[in-house]
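For reference, the structure is listed below as structure tokens.
The values are calculated or read from the model by the stated rules, or taken from the named source; none is laboratory data. Nothing here was measured: the structure is a model prediction, and the numbers come from that model. Here Cβ is always computed from backbone atoms with ideal geometry, including for glycine, and neighbour counts include all displayed protein chains. Side chains included, ligands, DNA and RNA excluded: accessible areas come from the protein's heavy atoms. Shrake-Rupley method; radii C 1.70, N 1.55, O 1.52, S 1.80 Å.
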Amino acid sequence: MDVPATKCDAAVVGRNNRAVTLHGMVHALRDLGGVTFLTLRTREGLVQCVCPRRPEGVREECAVSVSGVLRPEPRAPGGAELAETRFTVLSRPAAPPPVPLSKKSSVSLDTELSLRPVTLRAPRARAVFRIQAAVCRAFREFLQGEGFTEIHTPKLGRAGAEGGSSQFRVDYFGRKAVLAQSPQLYKQVMVGVFERVYEIGPVFRAEKHATQRHLNEYTSLDLEMGFLHSFTDLMALEQGFLRRLVALLRQEYAGELALLGAELPDAEHIPAVRFDEAKRLAAEAYGYAIREPYDLEPEEEQHIGRYAKEVWGSDFVFVTHYPGRKRPFYTMDDPEDPRYTLSFDLLFRGMEITTGGQRIHNYDQQVEKLKALGMEPEDFSGYLLFHKHGAPPHGGLGIGLERLTMQLCGLDNIRRASLFPRDRTRLEP
């Protein structure tokens, strides 16, 4: 009896010496004397097929259906191989792949991205986005278990959430509009509806960066929760998510991690240090002068991350109490020292992946803060309805999906963690 299957994992390997039918793309062909080894790329991974002769009309990137007997083979991908095979060709490519997919490619990143519809088929690229999918899965599963409700907020609006940050401006039926820099204002409003909410969605920043860590469109993992006792509740919540993520990756994604040579971090113990103290400790440890007193430069993030690893043995570090002049209008000031805020960043291996903190929930305080920053409360009238008609103490955070993926996978450029990256120069494919 044929057993339909599309992967060669434990469930299929358990049917060793049984007839199975697989479908996928021909990833590689190797002729060895009187035997041809064909590697089939399925949705779950690679499967080795053994053919007594080269299948007629079959070449790389053919879509095929393969029937045969699955048998144990420790040297084969997945620990099994398909023998006594019979092939049905479902489609043939019009041209061979422009770059090799079954071996490491030496093409430039720019070329790789231009050929993305094809280069994403390579096992290493697939592994990156399998891990990225696991990040989203862990985020959803963890927050659902903590009583959060998933929401979907508009990506077109009249005013931006981040005030001074650059915005993409669009024509909205003759009216001026901007692409959302964040779901911030809407997720705060939804705290008044569900108390705990989250969203996974795109955000847009019209900032003219040309770095290895910035994109102009990226995916944000956002959450907002009401009835905080302290902004540190958010830090504890994020640590819980990271623990869930690491456990999931260790249990179900070991193959992808091994292919990428990626090492999982330890999320059990994450140190926290005040912003000014973190800057001082790193500057003293590595002998440099502090240039920017109100923010962390990328080099400083790297130094603080290095310090956290060397001194506290952690790949992560929470940096708390950022100066108010570098935080948005909705951030709550520290009542003990209003120069600073009840906010934090999470650095992972020397790169900021999260920004979060407690929000202003009092109507008069929020209006006063807007005016103090030279902003018009009337521009935020819908948002201020949330405060005016009763808002609980609340706060939230946003995690950059591509940055987290980049650091988990040990990638050298954030564009490798974006399916079809959008930066200053790239609008296609």
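Could you identify the single residue in Ala262, Ala254, Ala236 that is open to solvent by less than 50 Å² (accessible area, probe 1.4 Å) and either more than 18 Å from the chain's Cα centre (by Cα) or more than 30 Å from Met332 (Cα to Cα) (or both)? Answer to the selection: Ala262.
Restricting to the stretch 411-428, name every residue that is assigned to a loop (DSSP other than H, G, I, E, B) and of a type in the set (Lys, Arg).
Filtering the stretch 411-428 for residues assigned to a loop (DSSP other than H, G, I, E, B) gives 411-413, 418-421, 423-428.
Arg424, Arg426 - these are the residues of the stretch 411-428 that are assigned to a loop (DSSP other than H, G, I, E, B) and of a type in the set (Lys, Arg).
Total residues in the stretch 331-344 satisfying the condition of being open to solvent by 10 Å² or more (accessible area, probe 1.4 Å) and either under 27 Å from the mean Cα position of the chain (by Cα) or not charged (D, E, K, R) (or both): the figure is 5. Total residues in the stretch 381-429 satisfying the condition of being polar (S, T, N, Q) and closer than 18 Å to Arg137 by Cα: the figure is 3. In the set (1) closer than 30 Å to Gly390 by Cβ; (2) modelled with pLDDT under 95; (3) within 17 Å of the chain's Cα centre (by Cα), the condition left unmet by Arg205 is number (1).
So which residues in the stretch 206-225 are charged (D, E, K, R) and surrounded by fewer than 21 Cβ atoms within 10 Å (Cβ to Cβ), if there are any at all? So that I can check it myself, show each step before the final result.
Taking the stretch 206-225 as the starting set, the residues that turn out to be charged (D, E, K, R) are 207-208, 213, 217, 222, 224.
Those that are charged (D, E, K, R) and surrounded by fewer than 21 Cβ atoms within 10 Å (Cβ to Cβ): Glu207, Lys208, Arg213, Glu217.
Report yes if Leu384 is in the same structural domain as Val128 (by the TED database), in contact (Cβ under 8 Å) with a residue 12 or more places away in the chain and touching a Pro at 6+ places or on another chain (Cβ under 7 Å), otherwise no. Considered against the rule, which asks whether it is in the same structural domain as Val128 (by the TED database), in contact (Cβ under 8 Å) with a residue 12 or more places away in the chain and touching a Pro at 6+ places or on another chain (Cβ under 7 Å), Leu384 comes out as yes. Checked across the stretch 227-243, the condition of being over 28 Å from His321 (Cα atoms), out of contact with any Pro (no Cβ under 8 Å at 6 or more places or on another chain) and either modelled with pLDDT under 95 or not basic (Lys, Arg) (or both) holds for no residue. When Leu404 is tested against the conditions (1) aliphatic (A, V, I, L, M); (2) part of a helix (DSSP H, G or I); (3) more than 17 Å from Gly201 (Cα to Cα), the lone failure is (3). The set of residues in the stretch 186-198 being open to solvent by 10 Å² or more (accessible area, probe 1.4 Å) and either at pLDDT below 95 or of a type in the set (D, E, K, R) (or both) consists of Glu195, Arg196. A Cβ distance below 8 Å, combined with a sequence gap of six or more or placement on separate chains, defines the contacts here; from the stretch 416-429, residues that are under 17 Å from Gln132 (Cα atoms) reach residues that are open to solvent by 50 Å² or more (accessible area, probe 1.4 Å) and hydroxyl-bearing (Ser, Thr, Tyr) in the pairs Ser418/Tyr218.
Across the stretch 265-296, what is the number of residues that are part of a loop (DSSP other than H, G, I, E, B), within 24 Å of Arg243 (Cα to Cα) and open to solvent by 60 Å² or more (accessible area, probe 1.4 Å)? Steps first, answer last, please.
Filtering the stretch 265-296 for residues part of a loop (DSSP other than H, G, I, E, B) gives 265-271, 287-296.
Restricting the remaining residues to those that are within 24 Å of Arg243 (Cα to Cα) gives 265-271.
Next, from what is left, pick out any that are open to solvent by 60 Å² or more (accessible area, probe 1.4 Å): 266, 268-269.
Adding up the residues that qualify gives 3.
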